[in-house]
């Protein structure tokens, strides 16, 4: 597996661990609909959270969350709409970004709630 794939997988694993420690239940990983993918779908009480995880091994070109583009956000929202419809979800939803920075063995996590809508 390529280095960037390993970094991304590690970031997702760290994000799952973080969410579970905060009391969320991770329902889906890499949920796909057409050309869109949602990294994580998590639930806490009557709230479903669609999470984009961005992982970087350095911040030379900016923080990880800066790489969530408008186009990517629209694709996530489209996939989330499909998820909500197919699961008949009748409660609140939120779109978050979890930014993971992996420098050597040090992992930093930033959770941005309501990152886009």
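Inspect all residues belonging to region 26-36 and state whether any of them is exposed (fewer than 13 other Cβ atoms within 10 Å of the Cβ), more than 12 Å from the chain's Cα centre (by Cα) and at pLDDT 95 or above. Show your work before the answer.
The initial filter retains those residues of region 26-36 that are exposed (fewer than 13 other Cβ atoms within 10 Å of the Cβ), namely 30, 32, 34-35.
Retained after the next criterion (residues that are more than 12 Å from the chain's Cα centre (by Cα)): 32, 34-35.
Of the ones still in play, those that are also at pLDDT 95 or above are 32.
Within region 26-36 (the criterion being exposed (fewer than 13 other Cβ atoms within 10 Å of the Cβ), more than 12 Å from the chain's Cα centre (by Cα) and at pLDDT 95 or above), the answer is yes, since at least one residue qualifies.
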- Over region 46-80, the set of residues in contact with a helix residue (DSSP H, G or I) (Cβ under 8 Å, 6 or more places away or on another chain) and either without any contact (Cβ under 8 Å) to a residue 12 or more places away in the chain or over 21 Å from residue 9 (Cβ atoms) (or both) is 48
- Message: Quick test of your reading of the structure: residue 102 fulfils all but one of (1) farther than 16 Å from residue 38 by Cα; (2) modelled with pLDDT of 95 or more; (3) in contact with a helix residue (DSSP H, G or I) (Cβ under 7 Å, 6 or more places away or on another chain). Name the failing condition by number.
- Response: (2)
- Task: Mind counting the residues in region 1-11 that are buried (at least 18 other Cβ atoms within 10 Å of the Cβ) and in contact (Cβ under 8 Å) with a residue 60 or more places away in the chain?
- Result: 1
- Item | Out of 17, 74, sole residue that is under 15 Å from the mean Cα position of the chain (by Cα), loosely packed, with under 14 Cβ neighbours inside 10 Å and either more than 27 Å from residue 103 (Cα to Cα) or at pLDDT below 95 (or both) | 74
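The values are calculated or read from the model by the stated rules, or taken from the named source; none is laboratory data. Just so we're clear, the structure is a prediction, and the values are computed from it rather than from any experiment. Positions of Cβ are backbone-derived with ideal geometry, glycine not excepted, and every protein chain shown enters the neighbour counts.
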